[in-house]
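For reference, the structure is listed below as structure tokens.
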Amino acid sequence: MAFDIDTFAESSTAVAWSDIDLDAFRENPLPEDSLRALRYMCDVEYHTVCYLRDMLVTPSHGDGEVSTFMTMWNREEYWHGEALAAVLKVHGIEVEYDQLKASRIKLGWRDRIDPIKQAVYGNIVGKDFVATHMSWGSVNERGAASAYRRLAALEPHPALAPLLKRIAAQESRHIAFYTTQATKRLEESKLARAFTRFALSKVWGPVGSTIEPEEEVRFVMGYLFDGPDGLREVRKMDEAIAKLPGMQGLAINEAAFRARGLYADLPAA
Amino acid sequence: MSTARFDVAAYVRQPSGPMRETLTGLGAALPADLADALRYVQRRAQGTGSWLARVLVTATHKDARITAFLSTWAYEAHWFGDALAALAGAGPVPAIRRGIAATVRDRFGPLWEAVVANLHGRALTGVQMTERLVDAWIVDAMLERAQHLAPAAVAADLARIREGIARQAHFFAETASEALMGSRAARVLARRRLARRAWPIGAEREPVAATADAIRTLFGPDASWADGIDARIDALPGLAGLHIARRTSRKPGRRPVRTPLRSVRTRHAAPVPDGKDEAR
Ligand SMILES: [Fe+2]
Ligand SMILES: [Fe+2]
């Protein structure tokens, strides 16, 4: 699948929600579980800048196409956060700059060490590390898109589902970019394939698991993906990941979710 | 501090986006050297990644207000660059500076910065905001000169870009002044770092000749443009006497051989031991 960066950039917009009647939530508020999931998603979106940073310290930013994408992508994700924050706000949950600041400070030493670690990997593994980042991005965008679609299906509130579908549509464009980049870069280098396979199977965790308490990760993953329908969705993601060059046989999402106690009564593939 | 705080929420909501459709000077013939100079400014606008890499490894990334601003600022810069590329047309792009020093700086700069950032903490945020303020002044001066040298239709487009840069500069001016005013460490560090780097930001990634050509094309032998900028830098808390713009006009594209002596007029900045924050 070809990805045209100019078309992407020119059509990159902040997700809109002014036409969606958020006041509908006042009469008909979302249940607590869905709000908890939204809060998690909102945090993840707002933390995109940390992921952007990890990206920029690798040798990838010299690439014009990648840096144009990153610029647009980072802003789109920021607006995903804003949109979800607007929904939360109607429910009396405030996600303000200052609170976010507090949560990034909470990340503590890990947040201090991470950029150093990323830069070290990036410069030791060099250009091949970009392939890993692109693959990682592809996996995470896929996770985000299907989380939004699952929540839209589980919680078909007339005001929520349309917003989540708009966000998911942007996530799909992100998937396309990362997957195109990852495929090309993995094809080109054996080291890239080996390093990426190692990183995905040994280091990767579900979106948000590096910034949220484990309790929240378990809750949200269980809420969105438990049961046979959830597992079917998760396997779809894993199949797509396994199609990346050198990633055959990986089932990282299913493994991560089983490790968190999901699908105990469902047979492994 | 200042009463009317820059409204980040309003700014991020209405950024300046793609401009190609509305450019009036598209297709107007430009002198080759002016087109080169515009492409030089374009590369600065579309090369924000290197600077952001160094910024986001520091405590600045924890400041959600600043990162919200920077996300939109980078977006705008991309489209300003795109407009400049459209106006200037295709042309030769000098290779990114290659030498060992440049490669090491580019690869290990953010890494070293991440390590050093843990020593300096929030003082660095003030330095970064000041850097961007000074850069906005320099780039604005370049575009102002380009306006005079270009046909009217192109000049009108450049004026719009300058308006956008001026709006961004409001944010940098406010955050920089607050930070410099509030922290001696920020003032000391800003003096040192501003004096040491090449200008405009990103010049360190270009061959020296590319910066020199752009400056010569736009300003000619007259260095008076630099005095205006230096006067504005002098007026920032603790930054008097750096003569950054004058140095840029005399030796474009080069970092100074050594840090200039601290001006006796600086009352804000106390002497600091040398060599503690070499962050390059
Ligand atoms: Fe998103
Ligand atoms: Fe995304």
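Rule-based calculations on the coordinates, nothing more; no lab input. From a predicted model like this one, the values you see are computed outputs, not experimental measurements. Virtual Cβ from ideal backbone geometry, glycine too; neighbours counted across all protein chains shown.
Let me have the relative contact order for segment B:26-258, percent, based on Cα pairs under 8 Å that are six or more residues apart.
Computed value for segment B:26-258: 26 percent relative contact order.
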In Hz, Karplus ³J(HN,Hα) per residue of segment B:200-210 (6.51, -1.76, 1.60; θ = phi - 60°; x = Gly, Pro): x, 4, x, 4, 5, 8, 10, x, 3, 4, 5
Estimated distance in nm for a label pair at A:Glu187 and A:Ala16, the labels positioned 7 Å out from Cα along Cα-to-Cβ: 3.7
Backbone HN-Hα couplings from phi across segment B:153-166 [Karplus 6.51/-1.76/1.60, Hz, Gly and Pro as x]: 4, 5, 4, 5, 5, 5, 4, 5, 5, 5, 4, x, 5, 5
FRET efficiency, A:Asp265 to B:Glu21 (Cβ-Cβ, R0 41 Å, nearest 0.05): 0.10
Karplus (6.51, -1.76, 1.60) ³J(HN,Hα), θ = phi - 60°, over segment B:145-150, in Hz, Gly and Pro reported as x: 5, 4, 4, 5, 8, 9
Within-13-Å neighbourhood charge of B:Ser183 [Cβ basis; K, R +1; D, E -1]: +3
Whole-number percent relative contact order across segment A:136-259, with pairs defined as alpha carbons under 8 Å at least 6 apart: 28
Listed residues A:Val139, A:Val203, A:Val95, most fluctuating in chain A (Gaussian network, C-alpha, under 10 Å): A:Val203
Greater than 30 Å apart at Cα, pairs in A:Lys89/A:Lys202; A:Lys89/A:Lys165; A:Lys202/B:Lys62: A:Lys89/A:Lys202
Overall form of segment A:131-269 per C-alpha gyration tensor (a/c, 1.5; a/b vs b/c): oblate
Max mean-square fluctuation residue, GNM over chain A, Cα-Cα springs under 10 Å, options A:Leu224, A:Leu52, A:Leu200: A:Leu52
